[in-house]
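Shown next, in C-alpha cells, is the structure this report addresses.
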Amino acid sequence: MRRVVWLCGLPVVFSAVAQADVDVKKEIIDRCKSQMGQYGSAMVKACVDQDLEAVEKIGRIPDQYKSTVARCLKQMRQYGFSLVNACAEQDIEADKALSKY
C-alpha cells in the first residue's frame with residue numbers, strides 16, 4: 001500500500017521521471033525485458049519509455065480519484081503502468097460522463 005501512495009505522489013515530489021524511485025524503474029525495466037525482449041532492444045526501450053511516462057501521468061491524477069488509481073494499480077500493475085494509467089483515465093472519464101446523466 002505504501003508503494004501506491006508513494007507512486008501517486010511521485011511526480012509531485014520529483015520534477016523529472018529520471019529521478020523516479022529505483023524500485024519502480026527496476027520493476028518497469030524487468031517487466032519490459034520479460035514481455036518485449038524477444039522483439040529486440042528498441043521494443044524494450046519503447047515499453048520502458050511508455051511506462052515511465054505513464055507513472056508521471058498517474059502522479060498528476062487529482063486526489064479525488066485516489067481510490068480509482070488504487071484499484072487500477074491493484075488490477076493492472078502486472079501488465080504495466082501504461083495500462084494502469086489507461087484504466088484510471090477511462091474510469092475517470094466514465095465517472096464524469098455518468099455525473100451528467
- prompt: Within the bounds of segment 87-100, is there any residue that is exposed (fewer than 13 other Cβ atoms within 10 Å of the Cβ), in contact (Cβ under 8 Å) with a residue 12 or more places away in the chain, more than 20 Å from Asp21 (Cβ to Cβ) and acidic (Asp, Glu)?
  reply: yes
message: Considering only segment 11-19, I want to know if a residue exists there that is in a helix (DSSP H, G or I), crowded, with 16+ Cβ neighbours inside 10 Å and at pLDDT below 95.
response: yes
- request: Name every residue in segment 35-76 that is among the acidic types (Asp, Glu) and exposed (fewer than 13 other Cβ atoms within 10 Å of the Cβ), in order of residue number.
  value: Asp63
message: Step by step: first the residues of segment 20-34, then only those that are exposed (fewer than 12 other Cβ atoms within 10 Å of the Cβ) and of a type in the set (Asp, Glu), then the one that is modelled with the lowest pLDDT. Which residue is that?
response: Asp23
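Out of curiosity, is Gln78 modelled with pLDDT of 95 or more, part of a helix (DSSP H, G or I) and within 15 Å of the chain's Cα centre (by Cα)? Show your work before the answer.
On the way: modelled with pLDDT of 95 or more: yes; part of a helix (DSSP H, G or I): yes; within 15 Å of the chain's Cα centre (by Cα): yes.
Yes.
The values are calculated or read from the model by the stated rules, or taken from the named source; none is laboratory data. What you see is a predicted model; the values in this text were computed from it and never measured. All Cβ positions, even for glycine, are placed from backbone atoms using ideal geometry, and neighbour counts span all protein chains on display.
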